[in-house]
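The values are calculated or read from the model by the stated rules, or taken from the named source; none is laboratory data. It should be emphasised that the depicted structure is a prediction, and the values quoted were computed from it without experimental measurement. Here Cβ is always computed from backbone atoms with ideal geometry, including for glycine, and neighbour counts include all displayed protein chains.
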Amino acid sequence: MVSGSGICAKRVVVDARHHMLGRLSSIIAKELLNGQKVVVVRCEEICISGGLVRQKMKYMRFLRKRMNTKPSHGPIHFRAPAKILWRTIRGMIPHKTKRGAAALARFKAYEGIPPPYDKIKRMVIPDALKVLRLQAGHKYCLLGKLSSEVGWNHYDTIKELERKRKERAQVAYERKKQLTKLRVKAEKTAEEKLGPQLEVIAPIKMIPHKTKRGAAALARFKAYEGFHHHMIRSRGWSFLMLSSLVLRLQAGHKYCLLGKLSSEVGWNHYDTIKELERKRKERAQVAYERKKQLTKLRVKAEKTAEEKLGPQLEVIAPIKY
């Protein structure tokens, strides 16, 4: 997102608590038009500059705006905080065009923090925060309180649901904190007991596999014992010079084979893989000898043809470029 947030994700979840309504709406409207998907939670805690009495009088004047002959035709007066935010953003988007309608379809707003957004990382927009944008001592009111004054009946319900959510979140946070302490303690104990052997038993993880990037990277990797059947005839075998034993391990330094270690700690297929590899090498040797014989015969045939035909050879079998 713009305005100092530095976010560019498939979907951004914004915690609207203590954000100014107009500034928040303008930034979100711009992001929606740029193709960003935005979800706003805790709309009942959005701030509006000006006291509650003044804002209520303004809203009452807005309620008097209606179509005389058919009031249901419009304008529609939303009372819920999420719908008020939605209408404010709609006024900043050309919503009657295809581009504007598509932008507005990328926006969602909720009171409170419903699942699954309670377990997703939430962002703030610094350019719209009350503490940074409203002068100290200036009056303001909460959108949820204003909505409850003009006809929204779920303010107390949302407050109760939020209280329960915060209690659950606090329990989960304490549990996570305890687990982190135990993990750090266990790692320290293991390091003291095992020392240099620790890297063999539990090697350092080189990929942040719990992130989307790391999980995608790990999905691109495959490993097999021996040669898998669909790779036997493949010509794309490579040899990593930087990790070669003969180039990287000092002469005389002890080492062991991973397969041998695995067989010692419970892997039961070491002998099976060795037998399969022996058979594969025999087949590969037969194929290599056959190819060598065919190459000799082809060279001999070409030489004989060149001696017999001489200059006529280029007419019958032109030179391959």
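Out of curiosity, is Ala136 more than 30 Å from the chain's Cα centre (by Cα), aliphatic (A, V, I, L, M), farther than 17 Å from Val13 by Cα and buried (at least 17 other Cβ atoms within 10 Å of the Cβ)?
In short, no.
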Check your understanding: Among Thr88, Thr97, which is the only one that is out of contact with any Phe, Trp or Tyr (no Cβ under 8 Å at 6 or more places or on another chain), of a type in the set (Ser, Thr, Tyr) and surrounded by fewer than 17 Cβ atoms within 10 Å (Cβ to Cβ)?
Key -> Thr97
Review point. Give me the pairs: first residue in the range 94-113 and farther than 17 Å from Ser25 by Cβ, second residue part of a helix (DSSP H, G or I) and not small (Gly, Ala, Ser), beta-carbon distance under 6 Å, and six or more apart or on different chains, which are they?
Key: Gly112/Ile158; Gly112/Leu161; Gly112/Glu162
Review point. Can you find a residue in the range 149-156 that is among the small types (Gly, Ala, Ser) and surrounded by 10 or more Cβ atoms within 10 Å (Cβ to Cβ)?
Key: yes
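A quick yes/no check of all residues on (1) in a loop (DSSP other than H, G, I, E, B); (2) more than 21 Å from the chain's Cα centre (by Cα):
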position: Gly22; (1), (2): no, yes
position: Ser25; (1), (2): no, yes
position: Glu31; (1), (2): no, no
position: Val39; (1), (2): no, no
position: Thr69; (1), (2): yes, yes
position: His77; (1), (2): yes, yes
position: Lys83; (1), (2): no, yes
position: Trp86; (1), (2): no, yes
Study note, to complete from the structure: When the range 65-93 is checked residue by residue, the ones that are under 11 Å from Cys43 (Cβ atoms) and basic (Lys, Arg) are Lys83
Exercise for review: Looking at (1) within 30 Å of Lys291 (Cβ to Cβ); (2) modelled with pLDDT under 85; (3) in a helix (DSSP H, G or I), find the lone condition where Ser262 falls short.
Suggested key: (1)
Exercise for review: Return the pairs, sorted by first residue and then second, in which the second residue is assigned to a helix (DSSP H, G or I), the first residue lies in the range 151-173 and is on the phi > 0 side of the Ramachandran plot, the beta carbons are less than 8 Å apart, and the residues are 6+ apart or on different chains.
Suggested key: none
